[in-house]
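Rule-based calculations on the coordinates, nothing more; no lab input. Predicted model only: the values in this text are computed from it and were never measured. Every residue, glycine among them, receives a Cβ derived from its backbone with ideal geometry; neighbour counts consider all protein chains shown.
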Amino acid sequence: MSQEAQSGVERTKKCSKCKEEVLYDAIKCKHCGSELRSWPGQHPILSKFIAYSGLLMLVLIIFIWVLNSIGSIATPVSKINPSPHREQVSSVFDVPSLLGKNINQIRTALGTPTYDKEPTKLQLSLGVTEWDKSWEREGADLLVTYNIKTKKVIDFFIGGVDPSGSTNDKKLLLDVAGLKEGDPKYKLEFVEVRVPKPEPGFYTGVKVMPQ
Ligand SMILES: [Zn+2]
């Protein structure tokens, strides 16, 4: 039997307990006497109370949220942490001043290298022609590659400007070495991170090739 009302016929429903047909508006089943109203129907005052306290809670939550929003808008600018912003980096290594100097003259200018090993006789006999010396200052590294025989510098490499070992900040790399892009006295090559995995846009350092 359908619960839908039909014209001329009184609307009925089935008792949930005994499954007998009862009037749609019946409060108790005439067959088994069981309660036919839903829980709110049986407890009108209690269900109203629950509904109102839910509404009150919602209003309270919205009120607190609005207060909070106003509070954060009103926070003085000085209390908000400034966005990360680095000051102009003064150069740690003045690479342009080293251009044209041989490795001995650079050694005089910069002092004893942090890495100051000489090639072994075995390495020389194996045909090693280039060697490196490196200086570390304020965490940054300057690696100078030179020709062992002529002492002439082949290139400079600036690295270690970030403790992580790489940086995506080209300007920082240049500032550390006092370099400028577009200077005809040298060519620049930003060396991208290749190991442990390639990271495009991140550089281990910048290579400076005197022209
Ligand atoms: Zn019944």
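By count of other Cβ within 10 Å, fewest leading, how are 32, 15 ordered? Walk me through the numbers before you get to the answer.
Values: 32 13, 15 19.
Going from least to most buried by this count: 32, 15.
Taking the Cβ-Cβ separation of residue 170 and residue 122 as r and a Förster radius of 45 Å, what is the calculated FRET efficiency to the nearest 0.05? Please list the in-between numbers first.
Working: r = 39 Å, r/R0 = 0.87.
With a Förster radius of 45 Å, E is 0.70.
Starting from the 7 Å offset along Cα-to-Cβ, what nm value, one decimal, do you get for the label separation of residue 109 and residue 183?
Calculated label separation equals 1.0 nm.
Which of the GluC sites (Glu not before Pro) across segment 86-164 are loop residues per DSSP, with 15 or fewer other Cβ within 10 Å?
Working: sites: 87, 130, 136, 138; in loops: 87, 138.
Within segment 86-164, the qualifying GluC sites (Glu not before Pro) (loop, at most 15 other Cβ atoms within 10 Å) are 87, 138.
I'd like the distance separating the alpha-carbon centroids of segment 177-211 and segment 92-121, in whole Å.
19
Which net charge results when you count Lys and Arg as +1 and Asp and Glu as -1 among the other residues whose beta-carbon is under 15 Å from that of residue 108?
Details: positive: 101, 107, 133, 151; negative: 94, 116.
Every neighbour counted, the sum reads +2.
Taking amide H positions as placed in the peptide plane 1.01 Å from N, state which residues far from residue 161 in sequence (5 or more) or on other chains have amide H under 5 Å from it.
Residues meeting the criterion, in which the H sits 1.01 Å from N, are 141.
Report, in debye and to the nearest 20, how large the dipole of the chain comes out about its Cα centre when Lys and Arg carry +1 and Asp and Glu carry -1 on their Cβ. All intermediate terms of the calculation are to be shown ahead of the outcome.
Details: 28 positive and 24 negative charges, 84 e Å.
Dipole magnitude for the chain comes out near 400 debye.
Consider all pairwise Cα distances in the chain and report the whole-number % of them above 20 Å.
Value for the chain (Cα pairs over 20 Å): 74 percent.
Taking the chain as a Gaussian network, Cα atoms linked when under 10 Å apart, which of 176, 66, 153 shows the biggest mean-square fluctuation?
66
Which GluC sites (Glu not before Pro) from segment 6-49 combine a DSSP loop assignment with at most 12 other Cβ atoms within 10 Å?
Numbers: sites: 10, 20, 21, 35; in loops: 10, 20.
For GluC sites (Glu not before Pro) across segment 6-49 that sit outside H, G, I, E and B with at most 12 neighbouring Cβ atoms in 10 Å, the list reads 10, 20.
For segment 95-210, just the Cα set please: Rg and Dmax, both in angstrom.
In Å, with Rg to one decimal and Dmax whole: 14.7, 41.
Could you pull out the trypsin sites (Lys or Arg not before Pro) across segment 102-190 that fall in loop regions by DSSP (anything but H, G, I, E, B) with no more than 14 other Cβ atoms inside 10 Å? Can you show the working numbers first?
Numbers: sites: 107, 117, 121, 133, 137, 149, 151, 152, 170, 171, 180, 185, 187; in loops: 117, 149, 151, 152, 180, 185.
Hits after loop and neighbour filter: 117, 149, 152, 180, 185.
Which FRET efficiency, nearest 0.05, do residue 35 and residue 60 yield, Cβ-Cβ r, R0 22 Å? Don't jump to the answer; show the numbers that get you there.
Numbers: r = 35 Å, r/R0 = 1.59.
My answer for the efficiency is 0.05.
Rank by packing, highest mean first: peptides 96-102, 36-42, 59-65, 203-209, with packing defined as the count of other Cβ atoms within 10 Å averaged across residues.
Working: 96-102: 15.3, 36-42: 12.4, 59-65: 10.0, 203-209: 22.1.
Going by the mean number of other Cβ atoms within 10 Å, highest first, we get 203-209, 96-102, 36-42, 59-65.
Just tell me which lysines come within less than 16 Å, Cα to Cα, of residue 30; anything on the same chain fewer than 8 places away is out.
Leaving aside lysines fewer than 8 places away in the same chain, those within reach of residue 30 are 13, 14, 17, 19.
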